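Colleague: Sending over a structure as structure tokens; questions will come in a sec.
The values are calculated or read from the model by the stated rules, or taken from the named source; none is laboratory data. Note that the structure is a prediction, hence the values are computed from the model and not measured. FYI the Cβ positions are ideal-geometry reconstructions off the backbone, even for glycines, and counts take in every protein chain you see.
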Amino acid sequence: MTHDESQVLTKVVYFVETGTVYPDGVRNGKSQGFETEAAARKFMVEMTPVRDRFESERRKASGRGASTCFARLTKGVFELDEEGETAGCVDQTEIELIEYGIEDYRRDKAKRAQSRYRREHVTQVMVKFYPGDADLLAWLDAQGARATYIKRLIREDMERRQG
């Protein structure tokens, strides 16, 4: 393959670098290349490399106190030689950097646990009030916390019927 000076062949690669930055400045990371930006973003979002790796990285560095994980998306443009092989990077641009600190991790972990608990253990009941029930709705609104008031009424009714 030959090319003249006016037509330089290039190849674009999108890199996702994931890793951990420690308070002492030590950085641990690895990079993976993708042919399209969409594939790279899918890796960052759906595979959640930062979240998946955070716990194991934190365990490895427990003595060093890992504080921040990151995922960086960059675009590299490489010039190709006559054989179509990569001759060198002519441009590398950072597209996106996601930092994921230990506080974010703890907050997200608590949200996931709460969501899982609600999904598995909580039952929600809906009640509809028609225009003819306006007086009931007004009374319910005046009682304060609706769920607490309804639960108390049910418990009192249960005690009266069992008692």
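Colleague: Only one of K60, K75 is surrounded by fewer than 17 Cβ atoms within 10 Å (Cβ to Cβ), of a type in the set (K, R) and modelled with pLDDT of 65 or more; which?
Modeller: Only one candidate qualifies: K75.
Colleague: Take the residues in the range 1-41 that are farther than 18 Å from G88 by Cβ and among the aromatic types (F, W, Y), then tell me which one is modelled with the highest pLDDT.
Modeller: Within the range 1-41, the match that is modelled with the highest pLDDT is F34.
Colleague: Name, by its number, the condition in (1) in contact with a strand residue (DSSP E or B) (Cβ under 9 Å, 6 or more places away or on another chain); (2) at pLDDT 70 or above that does not hold for V45.
Modeller: (1)
Colleague: Being of a type outside the set (A, V, I, L, M), part of a helix (DSSP H, G or I) and either farther than 20 Å from K151 by Cα or in contact with a Lys or Arg (Cβ under 8 Å, 6 or more places away or on another chain) (or both) is the filter here; which residues of the range 109-140 pass it?
Modeller: Selection gives K109, K111, R112, Q114, S115, R116, Y117, R119, E120, P131, G132.
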